[in-house]
Amino acid sequence: MLAQGSYASVPLAALPSKRVDRFDCLAAALDEINEGAVFLNADAQLIWHNRAFDKLLVDNREGHLLVVALIESVASFYQEVYDSSRHAVESSVRDMTVGRIEHEVHFTLMPEGMLGEESYVLCLVKRSASRWSSYEEHLRQTWGLTEREAQVAVECLKGNKNLEIAGRLRISVETVNKHLDKVYQKANVRGRSELASRLLDAGL
């Protein structure tokens, strides 16, 4: 189903007029909320999304991965709907982490007849900043680290080794070592354990 799913939105002009009217009414309301709102059909194709979701994609450096994760989750949600024989699954809430950002996604089934002949899933995507983001911000403000240095420092605190950090941040191991040297110098520490201790002392 994911292979069939498309990132491209289906143009509303291609829909029957009654469906357009219903979509327009709901879309106008959803465009006024601050949470990302997305409609996907039973083929996990993106039908419509609001302005808040556009902003979410712009703010998230890996926005395309958020779209992929959303399509996969909707495909899984539809499977749950079709597989449930004892009780109808009409809504679900899932936590989704893309990059370093956590999202809470609410899935609601809009059954056949509500917006047209097909069924749709309405997804409300709520962004909640990862605790690691606050660590990065603290490091940047307290020790004057650059954004990349703070990212490398946080990856160290997660327990990742230099090779793993290089892979996650898509930089070379040599670059990781250079950033770490700068971090230790600015934080006035001699290694990872002292770095962790300094953060614990700071209440993080």
Somewhere in the stretch 47-63, is a residue part of a loop (DSSP other than H, G, I, E, B), surrounded by 16 or more Cβ atoms within 10 Å (Cβ to Cβ) and modelled with pLDDT of 80 or more? yes
Does Glu90 meet the test of being at pLDDT 80 or above and either surrounded by fewer than 16 Cβ atoms within 10 Å (Cβ to Cβ) or more than 19 Å from Asp43 (Cα to Cα) (or both)? no
Here is a list: Glu149, Glu164. Which entry is under 14 Å from Tyr135 (Cβ atoms) and modelled with pLDDT of 85 or more? Glu149
Would you check which residues across the stretch 60-83 are under 12 Å from Leu40 (Cβ atoms) and among the charged types (D, E, K, R) and list them? Glu72
Among the numbered criteria (1) at pLDDT 80 or above; (2) in contact with a Leu (Cβ under 8 Å, 6 or more places away or on another chain); (3) among the hydroxyl-bearing types (Ser, Thr, Tyr), which one does Tyr78 miss? (2)
Taking only the stretch 170-184 into account, find how many residues are at pLDDT 85 or above and surrounded by fewer than 19 Cβ atoms within 10 Å (Cβ to Cβ). 10
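The values are calculated or read from the model by the stated rules, or taken from the named source; none is laboratory data. Note that this is a predicted model, so its numbers are computed, not measured. Don't worry about glycine lacking a Cβ; one is built from the backbone with ideal geometry, like all the others, and counts go over all protein chains shown.
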